[in-house]
Amino acid sequence: MVYHVIGLMSGSSVDGLDLAFVQFHENGGKWSYEILNADCYPFPEEWQSRLKNASALNALDYQILHVDYGHFLGEQINRFIDIYQLEFRVQLIASHGHTVFHVPEKRMTAQIGDGASIAAETGVAVVSDLRSMDIALGGQGAPIVPIGEKLLLGEYDFFLNLGGIANIACHFRNKPDTGPVAFDISPANRVLNLLASEFNKDYDEDGKAASQGNIDQNLLRQLNVQEYYFKLFPKSLANEFGTDIIYPIIKRAGISTTDALRTYVEHICVQIKNSIKILDEQYGSVEAQRKLLVTGGGAFNKFLMERLSANLKEINTEVILPDENLIKFKEALVMALIGVLRWREEINVFASVTGASKDSIGGAVWMSGK
């Protein structure tokens, strides 16, 4: 079977909308893919503001934003289709939406971007609301990307995504009866970008500012003892952990921005290394020499990658950067696959990852009719 799908993803950094037009081949349960076209559309200032402030809205205004954002997404998809001349080629759209609330302990998660509005704008079938079924089954609703890693990228042991939040997945290639495990590690780009904004920059390009700073050991200790880091997985983070808890701790340290950036880069690397060590302790060594695939915007931070490689070399883990398309659009690619699996009524979220009572088929389907 061949499928042509557009996957959509916007991360917690609120920097832009990722779109990937993907061709999938499925033969006897074996999947392959090709990203045919991909792009990132930066959010206009108006939409950055609306998305960042969504959690403060009253119920009615929140629902209006949900619908408005769905129509906005539909318009961006139509723009993408026009630019790449994809008319009549797209069979399905899979949209993650933008996370506003994530409270799994209350069995609630909310991603805005109304699927019906997207379908109405594009005239194409849409799969949205990808996390709610897992949440209803008692899971964390995150991460959901491991299904794509397992089916499309099976040659790696660990998968690290460095977006607004850093998350990791472990696939036990030497233990086929053990399901994948994944969880959020720590805030990443969301905090680094907040610090870079103190220089009136959107981000610290190549980690240049961080590389000029010094580690503040007192701050590093304060960051590393946060309660979340000692919780057992499955576990997941809300965006507010970075903005409302971690960032204020950094500011109270009273150090320069360059030192804060340098310290926070080290904090991210330490937490990634600790996460892999915990996985080793719980499941035994994955391989003598392990491969960790890094994607997400943080993969372009050269200094962060240098420090990560140095930290993980100590635990026999090689850091691998794939091609630029996969770095940028891996999550949009996997959203597209999750949509196809939902369309096929096949499992697309692993309970071993999220802690739900069982594997599930997540996503709501919207069709505007002929």
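The values are calculated or read from the model by the stated rules, or taken from the named source; none is laboratory data. Predicted, not measured: the structure shown is a model, and the values here were computed from it. Backbone-built Cβ (ideal geometry, glycine too); neighbour counts: all protein chains shown.
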Quiz item: What residue, of Val124, Val90, Val100, is β-branched (Val, Ile, Thr), closer than 30 Å to Ser186 by Cα and either crowded, with 16+ Cβ neighbours inside 10 Å or touching a residue at least 12 places away in the same chain (Cβ under 8 Å) (or both)?
Solution: Val100
Exercise. Could you tell me whether the range 135-144 includes any residue that is closer than 19 Å to Leu19 by Cβ, buried (at least 22 other Cβ atoms within 10 Å of the Cβ) and within 22 Å of the chain's Cα centre (by Cα)?
Key: yes
Practice problem: Under 7 Å between Cβ atoms, at least 6 apart or on separate chains: pull out the pairs that start in the range 207-229 with a residue that is on the phi > 0 side of the Ramachandran plot and in a helix (DSSP H, G or I) and end on any residue that is aliphatic (A, V, I, L, M) and surrounded by 17 or more Cβ atoms within 10 Å (Cβ to Cβ). | Solution: Gly207/Val265; Gly207/Leu304
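Going by the structure shown, is Gly362 modelled with pLDDT of 95 or more, in a loop (DSSP other than H, G, I, E, B), touching a Leu at 6+ places or on another chain (Cβ under 8 Å) and surrounded by 23 or more Cβ atoms within 10 Å (Cβ to Cβ)?
yes
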Self-check item: Unmet requirement for Tyr228, which otherwise passes all of (1) at pLDDT 95 or above; (2) of a type outside the set (Lys, Arg); (3) in contact with an Asp or Glu (Cβ under 6 Å, 6 or more places away or on another chain)
Solution: (3)
Quiz item: In the range 329-349, which residue that is under 23 Å from Leu162 (Cβ atoms) and in contact with a helix residue (DSSP H, G or I) (Cβ under 6 Å, 6 or more places away or on another chain) is surrounded by the fewest Cβ atoms within 10 Å (Cβ to Cβ)?
Solution: Leu337
Self-check item: Conditions (1) surrounded by fewer than 17 Cβ atoms within 10 Å (Cβ to Cβ); (2) more than 23 Å from Leu304 (Cβ to Cβ): number failed by Asn214
Solution: (2)
Quiz item: Out of all the residues in the range 11-35, which are touching a strand residue (DSSP E or B) at 6+ places or on another chain (Cβ under 7 Å) and exposed (fewer than 14 other Cβ atoms within 10 Å of the Cβ)?
Solution: His25, Ser32, Glu34
Exercise. Among the candidates Ser309, Ser360, single out the residue that is among the hydroxyl-bearing types (Ser, Thr, Tyr), farther than 25 Å from Leu195 by Cα and touching an Asp or Glu at 6+ places or on another chain (Cβ under 9 Å).
Key: Ser360
Self-check item: Pairs where the first residue, in the range 46-57, is closer than 11 Å to Asp15 by Cα and the second is surrounded by 14 or more Cβ atoms within 10 Å (Cβ to Cβ), C-beta under 6 Å, 6+ apart
Solution: Gln48/Val14; Leu51/Val14; Leu51/His98; Lys52/Val14
Quiz item: Can we say Gly148 is buried (at least 23 other Cβ atoms within 10 Å of the Cβ) and either without any contact (Cβ under 8 Å) to a residue 60 or more places away in the chain or more than 19 Å from Trp343 (Cβ to Cβ) (or both)?
Solution: no
Quiz item: If the Cβ limit is 9 Å and pairs must be 6+ apart or interchain, which residue in the range 353-370 that is within 21 Å of Phe233 (Cα to Cα) and among the charged types (D, E, K, R) pairs with which residue that is assigned to a strand (DSSP E or B) and at pLDDT 95 or above?
Solution: Asp359/Val349
Quiz item: Condition test on Thr122, is it of a type in the set (Ser, Thr, Tyr) and touching a strand residue (DSSP E or B) at 6+ places or on another chain (Cβ under 6 Å)?
Solution: no
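Take the residues of the range 300-327 that are closer than 19 Å to His96 by Cβ and touching a helix residue (DSSP H, G or I) at 6+ places or on another chain (Cβ under 8 Å): which is surrounded by the fewest Cβ atoms within 10 Å (Cβ to Cβ)? Give the derivation first.
Restricting attention to the range 300-327, the residues satisfying the condition of being closer than 19 Å to His96 by Cβ are 325-327.
Remaining after also requiring touching a helix residue (DSSP H, G or I) at 6+ places or on another chain (Cβ under 8 Å): 326-327.
Values: Leu326: 17, Ile327: 19.
Going through the qualifying residues, I end up with Leu326.
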Practice problem: Report yes if some residue within the range 226-238 is over 19 Å from the mean Cα position of the chain (by Cα) and more than 15 Å from Ile185 (Cβ to Cβ); otherwise report no. | Solution: no
Exercise. Check Gln111 against each of (1) outside any strand (DSSP E or B); (2) within 27 Å of Asp184 (Cβ to Cβ); (3) at pLDDT 95 or above and name the one condition it does not meet.
Key: (1)
